[in-house]
Amino acid sequence: MQPTATYDSAFLKACRREPVPHTPVWFMRQAGRSLPEYRKVREGIPMLESCMRPELVTEITLQPVRRHHVDAAIYYSDIVVPLKAIGLGLDIEPGVGPVVEEPIRTRADLARLRDLTPEDVPYVTEAIGLLTRELGSTPLIGFAGAPFTLASYLVEGGPSRTFENAKAMMYGDPELWADLLDRLADITAAFLKVQIEAGVSAVQLFDSWVGALAPADYRRSAMPASAKVFEAVSGYGVPRIHFGVGTGELLRLMGEAGADVVGVDWRVPLDEAHRRVGPGRALQGNLDPTVLFTDKDTVEAQAREVLDAAAGLEGHVFNLGHGVMPNTDPDALTRLVDYVHTATAR
């Protein structure tokens, strides 16, 4: 069941493809990086540790809501948190990203991927409880990394441009690859269930690296695990958002995996994305994040193009085509939210 306070919010109405008072806005990576108040409270605290302090998570999650007046908060965390919680040796290195001490390369390595329980992540439940009380009628979005993207990090040992080890396993040992993604699907589903049961109003599955796959490979080697995650949380009735980067050729399949809302990066206009995804799903996106480094008039003109392309959609959540960049002027985000709200007021 949806929390009563947030059910009629513009964000959840758009996710359900219902009429809205204005196009809702939130930004991926709005909680953190570009905000001076974020850098201040995070000073001297490693990334993963910051994700495990409920009061700090609460403060960071609330910062962009206070500053930008966005229509939804995104829970401050990282996609590798559930992997750390089950005991994997990994850390987030500044300027690099997640780095895995011992990559997953053999069937024996799968034994290290045990089930995740709520007791592994008590700080998540506590933080979401604090947040939902503070947010009131503003929805909170929970999230997790999709199995393909998590597997890519685990097999490569860190970020990769080529995914040579992950793809070698995918093509060369498809049974091991399928078992790895299936195990990660269970962990991811458990992590999302903890968030939903604690009170989030929607969930987003980030498949950041899945654009590296051709459609046939996605259908065969990534989609079953993502579909398992979406199916596992389907009974809760919260909107399920699916987002990836460079996924223009995969949009229909990403919707078919079980998403209620398909996130679109800046490479495909929303009207074309709707044609590819098909009816029955809302879309989220898709202003190029680099546009925010230009002047106010240019930002508004580019935002207008996004809104015009979305004009015929059943449901649209305005967002960037990827996350907020660290050097973005926070005031540019605040002005953008105000522009979209004003331009789309009904």
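The values are calculated or read from the model by the stated rules, or taken from the named source; none is laboratory data. Quantities reported herein were computed from a predicted structural model and do not represent experimental measurements. Here Cβ is always computed from backbone atoms with ideal geometry, including for glycine, and neighbour counts include all displayed protein chains. SASA here: full protein model, heavy atoms, side chains in, ligands and nucleic acids out. Shrake-Rupley method; radii C 1.70, N 1.55, O 1.52, S 1.80 Å.
Would a scan of region 303-318 turn up a residue that is modelled with pLDDT of 95 or more, within 19 Å of I196 (Cβ to Cβ) and buried (at least 23 other Cβ atoms within 10 Å of the Cβ)? Can you show your working first?
In the first step, residues of region 303-318 are kept if they are modelled with pLDDT of 95 or more; the result is 303-311, 315-318.
Now restrict to residues that are within 19 Å of I196 (Cβ to Cβ): 317.
Still in the running and buried (at least 23 other Cβ atoms within 10 Å of the Cβ): 317.
Checked region 303-318: at least one residue is modelled with pLDDT of 95 or more, within 19 Å of I196 (Cβ to Cβ) and buried (at least 23 other Cβ atoms within 10 Å of the Cβ).
Step by step: first the residues of region 43-69, then only those that are touching a Ser or Thr at 6+ places or on another chain (Cβ under 8 Å) and either under 17 Å from Y123 (Cα atoms) or in a loop (DSSP other than H, G, I, E, B) (or both), then the one that is most open to solvent (accessible area, probe 1.4 Å). Which residue is that?
By that ranking, first place goes to H69.
Name, by its number, the condition in (1) within 15 Å of L110 (Cα to Cα); (2) open to solvent by less than 10 Å² (accessible area, probe 1.4 Å) that does not hold for A178.
Every condition holds for A178 apart from (2).
Can you find, within region 268-294, the residue that is nearest to G211 (Cα to Cα) among those that are open to solvent by less than 20 Å² (accessible area, probe 1.4 Å) and not in a helix (DSSP H, G or I)?
V268
Sort out which residues of region 86-104 are in a loop (DSSP other than H, G, I, E, B) and of a type in the set (A, V, I, L, M, F, W, C), and write them in order of number.
From region 86-104, those in a loop (DSSP other than H, G, I, E, B) are 86-89, 94-96, 101-104; that's our starting set.
Selection gives I86, L88, V96, I104.
Against the definition (modelled with pLDDT of 95 or more, open to solvent by 10 Å² or more (accessible area, probe 1.4 Å), assigned to a helix (DSSP H, G or I) and in contact with a Lys or Arg (Cβ under 9 Å, 6 or more places away or on another chain)), how does D297 come out, yes or no?
On the way: modelled with pLDDT of 95 or more: yes; open to solvent by 10 Å² or more (accessible area, probe 1.4 Å): yes; assigned to a helix (DSSP H, G or I): yes; in contact with a Lys or Arg (Cβ under 9 Å, 6 or more places away or on another chain): no.
Taking the combined requirement at face value, the residue does not satisfy it.
Filter region 144-161 down to the residues that are modelled with pLDDT of 95 or more and of a type in the set (S, T, Y), then identify the one that is most open to solvent (accessible area, probe 1.4 Å).
Among residues in region 144-161 that are modelled with pLDDT of 95 or more and of a type in the set (S, T, Y), the one most open to solvent (accessible area, probe 1.4 Å) is Y153.
To keep it simple, each residue is scored yes or no on (1) open to solvent by less than 10 Å² (accessible area, probe 1.4 Å); (2) small (G, A, S); (3) touching a residue at least 40 places away in the same chain (Cβ under 8 Å); (4) assigned to a strand (DSSP E or B).
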| site | (1), (2), (3), (4) |
| --- | --- |
| A185 | yes, yes, yes, no |
| L192 | yes, no, yes, no |
| V200 | yes, no, yes, no |
| Q204 | yes, no, yes, yes |
| P224 | no, no, yes, no |
| G235 | no, yes, no, no |
| I241 | yes, no, yes, yes |
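When only residues in region 89-110 that are surrounded by 18 or more Cβ atoms within 10 Å (Cβ to Cβ) and touching a strand residue (DSSP E or B) at 6+ places or on another chain (Cβ under 8 Å) count, which is farthest from E126 (Cα to Cα)?
V100
Those residues that are exposed (fewer than 14 other Cβ atoms within 10 Å of the Cβ) and either among the hydroxyl-bearing types (S, T, Y) or more than 26 Å from the chain's Cα centre (by Cα) (or both), I need them from region 162-175; list them, please.
Applying the first criterion (exposed (fewer than 14 other Cβ atoms within 10 Å of the Cβ)) to region 162-175 yields 162, 164, 168, 171-172, 174-175.
Matches in region 162-175: T162, A168, Y171, G172, P174, E175.
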